[in-house]
1. Just report the Cα centroid separation between region 124-140 and region 45-87, whole Å.
2. Sum -39500 (n - 2.57) across every DSSP H segment of at least 4 residues in the chain, then divide by the residue count to get the 222 nm mean residue ellipticity, nearest 500.
3. Based on the Kirkwood radius over alpha-carbon pairs, what is the Stokes-Einstein translational diffusion coefficient of region 26-80 at 37 °C with 0.692 mPa s viscosity, in µm²/s?
4. Take the Cβ-Cβ distance between Arg139 and Arg97 as r, set R0 to 22 Å, and report the resulting FRET efficiency rounded to the nearest 0.05.
5. Under the rule a/c < 1.5 gives rounded, and otherwise a/b versus b/c splits prolate from oblate, where does region 71-111 land using the Cα gyration tensor?
6. Output wanted: per-residue J couplings in Hz (rounded whole) for region 96-101, from phi through Karplus 6.51 cos²θ - 1.76 cosθ + 1.60, θ = phi - 60°, x for Gly and Pro.
7. Mind giving me the nanometre distance, one decimal, between the label points for Arg132 and Asp82, set 7 Å out from Cα along Cα→Cβ?
8. Under the definition of Cα pairs under 8 Å and six or more residues apart, what whole-number percent is the relative contact order of the chain?
Amino acid sequence: MPDTERPFLGAKLLLHIGGRLLRIRRDVIGGLIHPGALDLPGGGREGNESAEACVLRETHEEVGLALTAGDLSWRAWYDWPDGATCYFAAHLGSEMRGAVRLGSEGTGWQLIRPEAVPHRGDVVPRFRDVVRAYLAEGRF
């Protein structure tokens, strides 16, 4: 079933830059789930866009990187209790670190060793679960 026909909430990106995973520190504002926690770039679906279009748009908005569909190397659907989210991965060279620019959401960004994510208590739980599964597949 094409993404535009499958109901989903949004899309997130496991973005590797030089072997490290990019993470964003969430804003601390009222009504936001997991305020101040570490999260992946990505967000909610707009209109009838595909999961791929959603993750590419959100990544550009949040960290200033204009990726293409060709940069995406992995995709997995997770059916959470509140709805489906599509996760993608992209692997970029370390030279792209200088191109990262935090958008209007989040209080900062960092690169972290992927294997450290499942052990951190300050990570959005779903992010931790997806990274744990990705590690188990041997994709890093």
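1. 16
2. -5500 deg cm²/dmol
3. Taking Rh from Cα pairs, D becomes 257 µm²/s.
4. The pair Arg139/Arg97 has a calculated efficiency of 0.60.
5. The shape class here is oblate.
6. These are the phi-based 3J(HN,Hα) values: 6, 4, x, 8, 6, 9 Hz.
7. Going by the 7 Å Cα→Cβ label model, 1.9 nm.
8. 31
No value in this document is a laboratory result; all are computed from the given coordinates. Being a predicted model, the structure only gives us computed values, none of them experimental. In this analysis, Cβ positions are derived from the backbone assuming ideal geometry, glycine residues included, and neighbour counts consider all displayed protein chains.
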